[in-house]
Amino acid sequence: MVNLNQKLAEAAKKSIHEGREKGSNRKVPVPGILDDRMQQTRELMKGERIKKVQYMIDPADCRMWSHHNRRYDLLNETRCEDLIESFKAMGRQQFPAIVRRVEGEGAFQYEVICGARRHWTAKYLGWKLLVEVRDLDDEEAFRISDIENRSREDISDYERAKDYKGALKLYYSSQKQMAERLEVSVAWLSRFLALADMPQEIVDAYRDVTEIKENHYRELSKWLKNRNTRERVLAKAKSMHENPLDGKQLLAELKKSIVTPKVQQNVVAEYKTVEGKPMVTITRKRGGELVCSIAMKNGATKADLKSVLMRLVDEHC
């Protein structure tokens, strides 16, 4: 059997020779293109290059992978607006969705590992979907999906946290092993795994799960660990289910439920400057003692303070 590289080399030499013949109208091939093809062939034969198989398929032939880290049911024109405009502007889909083949699943021939938004957009526009078919096990599929989507802002921290929590149970024996496979620190991974345990009462108080941030749970966790404050936080969250708020507003409201209001002090007397600014306040403690509080930087002179203190003694002692 003739070596494929040898065939390509002979074809290149023949084309160049024919192009040099007198009176020939044949175009001389560009050596660079042939060189590239020969190099690609050598790399494939040596195992240095992985051949990628891509197809244009009907989106209806695909299903979402059951462990996909994006909520497909939350996708709409708003969340896919940038991709819709990109498809239209380019006249094509630039980057393929990553899929793997499935068998015995009725009409479905593939499942989408990465590219839920691309799938939704192609279906929305009535286009074929460009896909790259790979042979992947579940753990490899999880890592590829995570790598592609980790830096994307349109996947929420909460979606990512739930994905990590499920993956830890399915594919790894420990957080350390999982962190090593994902090439992240154990501390970073632990914060997301903790977020996955956010009580459902709080999750349901968010206007949209995509607004749940890792730092939100980090701020609330210290109060959720305490029985008394936990009950107050969850009660407040439940009361907001009918009118859920965005992330920042909800966090602020939950914090208010945690802060214990100050007990109103029993004010006996209050003395002010001629400008009406607080100068001296007298309060009575539970034991009956009087406490004198002097306000600073209010423009009062020493003479003013001495006069007030004399009145205080005359009136309350």
Can you spot a residue in the stretch 149-160 that is free of Cβ contacts under 8 Å to residues at least 60 places away in the same chain, touching a Pro at 6+ places or on another chain (Cβ under 9 Å), part of a helix (DSSP H, G or I) and crowded, with 20+ Cβ neighbours inside 10 Å? no
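From the set of residues in the stretch 285-305 that are basic (Lys, Arg) and surrounded by fewer than 10 Cβ atoms within 10 Å (Cβ to Cβ), which is modelled with the lowest pLDDT? First the steps, then the outcome.
Keep residues of the stretch 285-305 that are basic (Lys, Arg), which gives 285-286, 297, 302.
Checking the rest, the ones that are also surrounded by fewer than 10 Cβ atoms within 10 Å (Cβ to Cβ) come to 286, 297, 302.
On the way: 286: 75, 297: 80, 302: 86.
Among residues in the stretch 285-305 that are basic (Lys, Arg) and surrounded by fewer than 10 Cβ atoms within 10 Å (Cβ to Cβ), the one modelled with the lowest pLDDT is 286.
Residue-wise test of (1) touching a helix residue (DSSP H, G or I) at 6+ places or on another chain (Cβ under 6 Å); (2) under 19 Å from residue 115 (Cα atoms); (3) not assigned by TED's automatic domain parsing to the domain that holds residue 74.
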{"position": "137", "(1), (2), (3)": "no, yes, no"}
{"position": "164", "(1), (2), (3)": "yes, yes, yes"}
{"position": "172", "(1), (2), (3)": "yes, no, yes"}
{"position": "178", "(1), (2), (3)": "yes, no, yes"}
{"position": "183", "(1), (2), (3)": "no, no, yes"}
{"position": "186", "(1), (2), (3)": "yes, no, yes"}
{"position": "190", "(1), (2), (3)": "no, no, yes"}
Check on residue 225, closer than 19 Å to residue 69 by Cα and either surrounded by fewer than 15 Cβ atoms within 10 Å (Cβ to Cβ) or assigned by TED's automatic domain parsing to the domain that holds residue 258 (or both): no
All but one of (1) under 28 Å from residue 52 (Cα atoms); (2) part of a helix (DSSP H, G or I) hold for residue 98, so report the exception by its number. (2)
Residue pairs qualifying under the 7 Å Cβ cut-off, at least six apart or on distinct chains, with the first in the stretch 211-239 being of a type in the set (Ser, Thr, Tyr) and the second being surrounded by 19 or more Cβ atoms within 10 Å (Cβ to Cβ), are 217/195; 217/198
Go through (1) of a type outside the set (Val, Ile, Thr); (2) under 26 Å from residue 78 (Cα atoms); (3) surrounded by fewer than 14 Cβ atoms within 10 Å (Cβ to Cβ) for residue 183 and report which single condition fails. (2)
Exactly one of these conditions fails for residue 127: (1) assigned to a strand (DSSP E or B); (2) more than 24 Å from the chain's Cα centre (by Cα). Give me its number. (1)
Scope the stretch 139-190; condition within 16 Å of the chain's Cα centre (by Cα) and among the acidic types (Asp, Glu); matching residues: 146, 148, 153, 154, 157, 159, 163
Could you please find all residues in the stretch 126-148 being under 28 Å from residue 79 (Cα atoms) and loosely packed, with under 13 Cβ neighbours inside 10 Å? 126, 147
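The values are calculated or read from the model by the stated rules, or taken from the named source; none is laboratory data. This one's a predicted model, so the numbers in the text were calculated from it and none came from an experiment. No Cβ is skipped: glycine too gets one built from the backbone with ideal geometry, and neighbour counts run over all protein chains shown.
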